[in-house]
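Contents: one structure, followed by commentary.
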Amino acid sequence: MQKDRLAAELAAVEAVFDKPLAMKGMILQLNIPFLSTILDKVLFLHIERHPFYTIQSLLESRIKFFGDRSRWYSVKPPEYDWLKDLDPIQQVCGQVYFTVKRINKGLDQLDPSRKLSIRYEQFCADPKSVFEEIVAKLAEQGLQLPGEYVGPSRFSHTNQVRLPEEECRRVLDAYHHFSGEILSL
């Protein structure tokens, strides 16, 4: 059975390093309820960021990795088949909206002890407090992390508008089209 194999492979990685496994979800983020059923002890950490900055970052990543904005980068939500035919700004706005919507829907199905949502800005400003929240959530599941937080006291955030004004307007309009939400910068 595939789910038994996935659970065994994740456990093997954990065993090799003799440490809890932390990983970025990527494609797995679209299957949170399923993953929750196959993983005995798990904490889904959702870093929430203002949609505009996520969209801007994805547009920039398309340029960085492919040299143009028309090539898809990162997660393909179930709506990919019709998003792929839109212009790049609309694609990325839809990608962000539908991916976050799916993540939130998945998280809503979980026991509170198995999920933690943190604002990106909070994480950057005070990673130690986020670490402490993670430790507390894991303790709710009977798990203890060894050691204290030894990371930096803060991270620089990248929430700066870098797109030209006209593209900012197009992003805000396209995101509103998908979400009904009016974003402010």
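The values are calculated or read from the model by the stated rules, or taken from the named source; none is laboratory data. Nothing here was measured: the structure is a model prediction, and the numbers come from that model. Cβ: placed from backbone, ideal geometry, glycine included. Neighbour counts: every protein chain shown. The area values use the complete protein model at the heavy-atom level, side chains included, leaving out ligands, DNA and RNA. Shrake-Rupley method; radii C 1.70, N 1.55, O 1.52, S 1.80 Å.
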* Check GLU133, GLU121 and return the single one that is surrounded by 13 or more Cβ atoms within 10 Å (Cβ to Cβ), in contact with a strand residue (DSSP E or B) (Cβ under 9 Å, 6 or more places away or on another chain), over 19 Å from LEU28 (Cβ atoms) and at pLDDT 95 or above. => GLU133
* Asked: Can you name every residue in region 2-54 that is modelled with pLDDT under 80 and at positive phi?
  -> MET26
* Asked: For the subset of region 99-113 comprising residues that are open to solvent by less than 30 Å² (accessible area, probe 1.4 Å) and within 17 Å of the chain's Cα centre (by Cα), which member is farthest from VAL42 (Cα to Cα)?
  -> THR99
* To do: Within region 1-9, identify whether any single residue is without any contact (Cβ under 8 Å) to a residue 60 or more places away in the chain and under 22 Å from LEU145 (Cβ atoms), and answer yes or no.
  => yes
* If only one of LYS64, LYS115 is touching a residue at least 40 places away in the same chain (Cβ under 8 Å) and either farther than 26 Å from LEU183 by Cβ or basic (Lys, Arg) (or both), which one is it? -> LYS115
* Asked: Across region 144-161, what is the total count of residues that are modelled with pLDDT under 90 and surrounded by 13 or more Cβ atoms within 10 Å (Cβ to Cβ)?
  -> 1
* Does region 10-35 hold any residues that are exposed (fewer than 10 other Cβ atoms within 10 Å of the Cβ) and free of Cβ contacts under 8 Å to residues at least 40 places away in the same chain, and which are they? -> VAL16, PHE17, ASP18, ALA22, MET23, LYS24
* Structure fact -> The one condition SER57 fails out of (1) in contact with a helix residue (DSSP H, G or I) (Cβ under 7 Å, 6 or more places away or on another chain); (2) at pLDDT 90 or above; (3) small (Gly, Ala, Ser) is (1)
* To do: Would you point out the residue of region 41-84, among those that are assigned to a helix (DSSP H, G or I) and of a type in the set (D, E, K, R), that is least open to solvent (accessible area, probe 1.4 Å)?
  => ARG62
* Asked: Has region 89-109 got any residue that is in a loop (DSSP other than H, G, I, E, B) and either over 17 Å from PHE52 (Cβ atoms) or among the hydrophobic types (A, V, I, L, M, F, W, C) (or both)?
  -> yes
